[in-house]
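The values are calculated or read from the model by the stated rules, or taken from the named source; none is laboratory data. The structure displayed is predicted, hence computed values, not measured ones. Here the Cβ positions follow ideal geometry from the backbone for every residue, glycine too, while neighbour counts run over all protein chains shown.
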Amino acid sequence: MKNFAKLAAYNILWIVVFLVLFEVALRVFWKMSPLQGEIYRASANKTLRYELKPGADTVYEGQPVRINSEGFRDREYTLQKPPQTYRIVVLGDSVAFGRFNLPEDNLARRLEARLSSACPGRSFEVLNMGVEGYNTVQEAELLKVKALKYAPDLVIVYYSLNDADYPEYYFEKNFLNRHFLSARYIQYQRKKIMVRKDRKLRGVKTDEEGINYLYRTQCWDYTKKTLLEMGDTCAAGGARMALLVFPEMSEQVRDFQDGFPFWHIIEKLEALKHPNILVITPVREFARRGLKKDDLRNWTYPNLKATDIIVEYALVLMRENGLASCD
């Protein structure tokens, strides 16, 4: 019996040693696919994973990119909002960031210019906090840890259809995941395998099928929950929220009418009900005008013409709902 107890104690000790070494190794070597390069760095925030590098000033994807001291692609702002100023924060992924756009041509800059021109008696600030590759969960985290510090009157979530992406939904909020990277790693790998098998069973191969897949699985359930929570977070911070849905412009889109394969997703987004969220879907305006996709894009990103139409359409709906008025 003593030998058995001694053997059990040794086994438990070795298991504990292994788990400690495994945890240390993960903390040193494992990173969840952070973007890398001259304008990005790893983030200490486990949900964000990576962030823009403060002070970076370079040419990126053929366009000048300057990152301010707070880590977003914009000029410097004071945390305290200037008197009589209506402040807007734009959250989003590479579309909001303005990939392939000149600094003055992204949504935030065009919106600010349009507001300032239309309302010369009022001051407007539109802060661009878009980060390439961020999904809705990362944007919700950025809202909490950075955006609300600037006391915005309005938060615009510039939503791309692939923002319902993994991997944050892999991580359930519990004690082990909060404190042990090994627990997160095991759960992450297990769910990755499950998703890979599920996509194979469903025959997901093309980009169109990949986007549709997100809205037929837990990914959409998790994203929907997160968007509604963002509405609550904005309300608690004294801000309204607009969910501005970018019209998908990938190769699967033939036109913005019958050739737009994602209308069912647009309808899901439009069906979101929250007293603090205004849902804006500019693809409706694209369809009404009979616009051609190739006239509006640079690869799959909006060109200046598309951005100005989106801004114009968004402003009409925002003002109808008491947002960003000249008063």
Checklist entry - Among the residues of the stretch 34-79, which ones are of a type in the set (Gly, Ala, Ser) and under 14 Å from TYR134 (Cβ atoms)? => result SER43, GLY71
Next on the checklist: Tell me yes or no: at least one residue of the stretch 238-247 is in a helix (DSSP H, G or I) and either more than 18 Å from the chain's Cα centre (by Cα) or not small (Gly, Ala, Ser) (or both).
Outcome noted: no
Checklist entry - Residues in the stretch 284-300: is at least one of a type in the set (Val, Ile, Thr) and within 30 Å of GLU125 (Cβ to Cβ)? => result yes
Checklist entry - In the stretch 252-272, what count of residues is obtained for those that are under 20 Å from the mean Cα position of the chain (by Cα) and either among the aliphatic types (A, V, I, L, M) or assigned to a loop (DSSP other than H, G, I, E, B) (or both)? => result 6
Item to check | the stretch 115-153, residues that are in a helix (DSSP H, G or I), surrounded by fewer than 18 Cβ atoms within 10 Å (Cβ to Cβ) and among the hydroxyl-bearing types (Ser, Thr, Tyr) | outcome: SER116, SER117
Checklist entry - Using beta carbons and a limit of 7 Å, which pairs, at least six apart or on different chains, have the first residue in the stretch 270-281 and in contact (Cβ under 8 Å) with a residue 40 or more places away in the chain and the second one loosely packed, with under 14 Cβ neighbours inside 10 Å? => result LEU278/ASN321
Checklist outcome for this item: When (1) at pLDDT 85 or above; (2) closer than 16 Å to ARG99 by Cβ; (3) within 21 Å of the chain's Cα centre (by Cα) are applied to THR58, the one that fails is (3)
Checklist entry - If you scan the stretch 173-184, which residues turn out to be buried (at least 16 other Cβ atoms within 10 Å of the Cβ) and over 13 Å from VAL20 (Cα atoms)? => result ASN177, ARG184
Item to check | Residues (in contact (Cβ under 8 Å) with a residue 24 or more places away in the chain and surrounded by fewer than 21 Cβ atoms within 10 Å (Cβ to Cβ)) located in the stretch 240-261 | outcome: SER250, GLU251, GLN252, VAL253, ARG254, ASP255, GLN257, PHE260, PRO261
Next on the checklist: I'd like to know if the stretch 82-101 contains one or more residues that are of a type in the set (Lys, Arg) and surrounded by fewer than 18 Cβ atoms within 10 Å (Cβ to Cβ).
Outcome noted: no
